[in-house]
Amino acid sequence: MASGVKPRVKVPKTAEAGEIITIKTLISHKMESGQRKDDDGNVIPRSIINRFTADFNGQNVIDVTLEPAISTNPYFQFEAAVPETGEFTFTWYDDDGSVYDTSKKVTVA
Amino acid sequence: MELNRRKLLAIGMAALGATSMGVTQALASLTEEGIAAFTGGAETTAGDLSIGAPEIAENGNTVPIEVTAPGAVAVAVFADGNPVPAVATFKFGPLAGARFASTRIRLATTQNVVAVAQMEDGSFQLATSEVKVTIGGCGG
């Protein structure tokens, strides 16, 4: 599923040095579990996002391995420390080899 | 032995019961295998690890859960009643602000959600939370 995948991320624009901020991410993806059957009784093949990572200036914040039990449109909320001004990069890895990414800048006042 | 209708029914019910028990046990052991694969067979204890999950989920397709695991480097989440018990594994990096993560998961039926955390000292903690599911989330 390379079409219609849209990542959305909520990150505060500014932070104080060392502040811990809450990040919310959502990506539109059907997360086909491989357990469902179509009308003819054939199993619909698995097609999910299997990994999600968040990094800040090249340092890892969280690395998640996703299994088919994660709901459609995978949502994550987690917390990150912001030591300096920089950029968060968020990356999602699809079963079909596609990689979706987005980034957000945070300014430390 | 004369088989009348009542006896037949009783036998049938017993057989059904036995079969469904077998299925549950098979799934539970899959979860145990998953946990063993994550811990490498190490003992798990209760600790500060906690799971936040609703007591009753009306829709098994999206059940919000959160794990809080102070001092953990990684947390694996399992759902012992799903056809595939593994749900997700969270690994915390150097910039993780708190050992906390929240997501939405699918639950096929009423079951336990199990979280196993690997702590910084290499020990493992385990926490369980039961979720009652009204409508299962595995489709077809």
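The values are calculated or read from the model by the stated rules, or taken from the named source; none is laboratory data. The structure displayed is predicted, hence computed values, not measured ones. A quick note on method: Cβ atoms are made from the backbone with ideal geometry, for glycine too, and the neighbour counts reach across all protein chains shown.
Points to keep in mind about this one:
Yes or no, residue by residue, for (1) under 22 Å from A:Ile49 (Cα atoms); (2) without any contact (Cβ under 8 Å) to a residue 40 or more places away in the chain; (3) hydrophobic (A, V, I, L, M, F, W, C):
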site	(1), (2), (3)
B:Ala42	no, no, yes
B:Ser50	no, no, no
B:Asn59	yes, no, no
B:Pro64	yes, no, no
B:Asp80	yes, no, no
B:Leu107	yes, no, yes
B:Gln111	no, yes, no
B:Thr128	no, no, no
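- Complete set of residues in the range B:70-85 that are surrounded by fewer than 22 Cβ atoms within 10 Å (Cβ to Cβ), of a type in the set (Gly, Ala, Ser) and within 10 Å of chain A (Cβ to nearest Cβ): B:Ala74
Conditions tested, residue by residue: (1) modelled with pLDDT of 95 or more; (2) over 14 Å from B:Glu55 (Cα atoms); (3) more than 8 Å from chain A (Cβ to nearest Cβ).
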position: B:Leu95; (1), (2), (3): no, yes, no
position: B:Ala98; (1), (2), (3): no, yes, no
position: B:Thr103; (1), (2), (3): yes, yes, no
position: B:Ala108; (1), (2), (3): no, yes, yes
position: B:Gln118; (1), (2), (3): no, yes, yes
position: B:Ser123; (1), (2), (3): no, yes, yes
position: B:Gly136; (1), (2), (3): no, yes, yes
position: B:Gly140; (1), (2), (3): no, yes, no
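- Matching residues, the range B:82-140, being within 30 Å of A:Phe56 (Cα to Cα) and among the charged types (D, E, K, R): B:Lys91, B:Arg99, B:Arg104, B:Arg106, B:Glu120, B:Asp121
- Matching residues in the range B:40-69 - criterion: being of a type outside the set (Gly, Ala, Ser) and loosely packed, with under 14 Cβ neighbours inside 10 Å: B:Glu43, B:Thr45, B:Pro54, B:Glu55, B:Ile56, B:Glu58
- Wholly within the range A:1-87, strands (runs of 3 or more DSSP E) carrying at least 1 residues that are within 23 Å of B:Val63 (Cα to Cα) and at the interface with another protein chain (Cβ under 10 Å from one of its Cβ atoms): A:19-27, A:49-56, A:59-66, A:75-82
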